[in-house]
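Taking it in order: structure first as structure tokens, then the write-up.
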Amino acid sequence: MSTGRLFRTTAFRLAAVYGALFALAVVALFAFLYWRTLTLIDAETDAAIASEISGLAEQYRQRGLVGLMRIVTERSAAQPEASLGGANIYLLTRPDGAVLAGNLKRWPAAAQPTPAGFVFNLAAAEEGAQGNARARAFALEGGFRLLVGRDLRQREKLRAVVAESLALGLAATVALGLLAAMLVGRKLLQRVEAINAIGQRIVRGELKQRVALGGAGDEFDRLAENLNAMLDQIERLMTGMREVTDNIAHDLRGPLTRMKARLELALLPNSDPAQHRAAMESAIAETDRLLATFNALLSIAEAESGALHQSMRPVELGPLAADVAELYAPALEEKGLTLATEIAGCPPVLGSRQLLFQAVANLLENAMKYTPKSGRVTIATRSAENGSGPRGAALSVTDTGPGIPAELRGRVLERYVRLDQARSTPGSGLGLSLVAAVAKLHGARLELSDNNPGLAVTLTFPPRVEAPPQPQAAAS
Ligand SMILES: Nc1ncnc2c1ncn2[C@@H]1O[C@H](COP(=O)(O)OP(=O)(O)OP(=O)(O)O)[C@@H](O)[C@H]1O
Ligand SMILES: [Mg+2]
């Protein structure tokens, strides 16, 4: 993973911003500590000087200048020369500036005032001396002057140590922050990279690949779950497509081969016009069957893909059942069957009218096909009771034919399954598969039961949850 990419990640940038904010806070805190330490030292120095001065003033009051001179001499004798590191500084001068007592060579020439006194450079009082001192001065009677001070070299050293520790602390904070930003950025980048890698493998054709979950249940896991669900759905659709193409290829080969054989036979030199006609008619019948199979397979694929959910509209089952009945009434009558329609009002269902129509047509066609002469076929709609809750809708097609044995009612819903009794009638075994697929698409329950005698097929639709109103295009 290149460092350039790492620096461009959102995670790294975020962590870097937080790191910078944290470093700023640290700087502010350190500056405050630094300032507090120095003011505390200064205040203590001033207090020490003040107490020393009050002691000296006492001496001066009791014993006068001579007493003061003696005590200053005593005290500075206990101290090295100020220039050699004496921490306590004393100086008593005559009006002409000559030194009477003390450990300072002469009165400092230049000084910076402070609230309690002043700060001067030792070099201003003694050539070659280094460092600063903090002091207070007093004018005594007759032009004599007294200076009491403290060497600031210790303070300077402490200041340097504090400043150094603060700088080190700050550097460590920034370094740690940067390191944390890089680690976090890298961790996140690794997970995104893992997803990208899977994406690339899928693009290269490894369609079974799925994104591994971290197991933490975090946003990356949710992303991975969604991606995997999406890939599963795509795979389902692709498998569905492949099955449809396989089925179509399989279903077309037989009829096309038969058709070709018959047409070739008709073209033989000694065939007559009647034979031509018969061949053509059988070819047309074969084509019709092909088209029916084709349409059934396409409709099943359409219903199973679930892609129609987008275009579902409220459908009234009553009028739909009446339309199907009207379409099949002549054929039923021709076969000597009675058709009854029992349409009771029921709430509309959300669905695809075209697919629902085809499903009901398949049921009616089955009833017609498998019910012997003088039987009775009924198509009915009613609202489905659901306790005190909203009511769904139910549609049923019943006949008085042979029915389907209970143990085979599940099997006949599979594709290409036809029972032995149906061998004499044309069909491909796809009709009920489409009904099942359409029921599933609409969330409806498909039930095959005994009509004593005959078969009863019932579709029960769930109550429709009121959909939010569709945005209407502005009327022009
Ligand atoms: N009303 C019915 N009465 C008795 N048997 C039935 C009835 N409906 C379906 N079946 C049995 O279930 C089988 C499957 O029905 P399905 O509608 O799926 O296929 P098909 O009618 O044979 O062919 P297709 O509908 O594709 O033309 C039928 O072959 C038949 O054996
Ligand atoms: Mg059928």
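Rule-based calculations on the coordinates, nothing more; no lab input. Computed from a prediction, not measured in an experiment: that's the story for all the values here. Because the Cβ atoms are built from the backbone with ideal geometry, glycine has one as well, and the counts that use them run over all protein chains shown.
Within straight-line reach of Lys157, meaning a Cα separation under 19 Å, sit the following aspartates and glutamates at least 8 residues removed in sequence or on another chain: Asp42, Glu44, Asp46. Highest mean packing comes first when the peptides 333-344, 317-328 are listed by Cβ atoms within 10 Å, giving 317-328, 333-344.
Taking the average, over residues, of other Cβ atoms within 10 Å as the packing measure, peptides 363-376, 132-145, 214-227, 14-27 rank 363-376, 132-145, 14-27, 214-227 from highest down.
Does the range 192-322 come out rounded, prolate or oblate by the C-alpha gyration tensor, with a ≥ b ≥ c the root eigenvalues, rounded set by a/c under 1.5 and, if not, prolate when a/b is larger than b/c and oblate if not? Oblate. Once both labels are positioned 7 Å from their Cα atoms along Cα-to-Cβ, the gap between Ala139 and Arg13 label points is 6.8 nm. Legend: calculated FRET efficiency, Ser311 to Leu183, from the Cβ-Cβ distance at R0 = 45 Å, rounded to 0.05, equals 0.35.
Over all pairs of different C-alpha atoms in the chain, the reciprocal of the mean inverse distance, the Kirkwood hydrodynamic radius, equals 33.4 Å. Straight Cα distances below 18 angstrom link Lys373 to the lysines Lys335, with same-chain residues fewer than 8 positions distant left out. Axis of helix 273-305 versus longest Cα principal axis of the chain: the two differ by about 30°, to the nearest ten degrees. Going from the residue with the fewest nearby Cβ atoms within 10 Å to the one with the most, Arg464, Arg13 rank Arg13, Arg464. Taking a ≥ b ≥ c as the square roots of the eigenvalues of the alpha-carbon gyration tensor, the range 282-338 is classed oblate because a/c is 1.5 or more while a/b is no larger than b/c.
Distant-in-sequence amide contacts of Gly351, defined by a placed amide H-H separation under 5 Å and a gap of 5 or more residues or a different chain, comprise Arg313, Val315.
Cross-link partners of Lys260 among aspartates and glutamates, defined as those whose alpha carbon lies under 14 angstrom from its own and excluding same-chain residues fewer than eight positions apart: Glu281, Glu286.
How long are the three semi-axes of the equivalent ellipsoid of the range 10-157, in whole Å, if each is the root of 5 times an eigenvalue of the C-alpha gyration tensor, listed from largest down? Working shown, then result.
Working: eigenvalues 369, 47, 29 Å².
Gyration-tensor ellipsoid for the range 10-157: 43, 15, 12 Å.
Counted by neighbouring Cβ atoms within 10 Å, the residues Ile284, Ile202, Ile379 run from fewest to most as Ile284, Ile202, Ile379. Read phi for every residue in the range 106-111 and hand back ³J(HN,Hα) as whole Hz from Karplus 6.51 cos²θ - 1.76 cosθ + 1.60, θ = phi - 60°, with x for Gly and Pro. So the Karplus estimates, Gly and Pro as x, are 7, 5, x, 6, 10, 8 Hz.
Computed from Cα atoms, the angle from the helix 153-203 axis to the main principal axis of the chain rounds to 10 degrees.
Reducing the range 276-316 and the range 84-150 to their Cα centroids gives an inter-centroid distance of 114 Å. Could you tell me how many degrees, from 0 to 90 and to the nearest 10, lie between the Cα long axis of helix 317-334 and the main elongation axis, the longest principal axis, of the Cα atoms of the chain? It is inclined by approximately 20 degrees.
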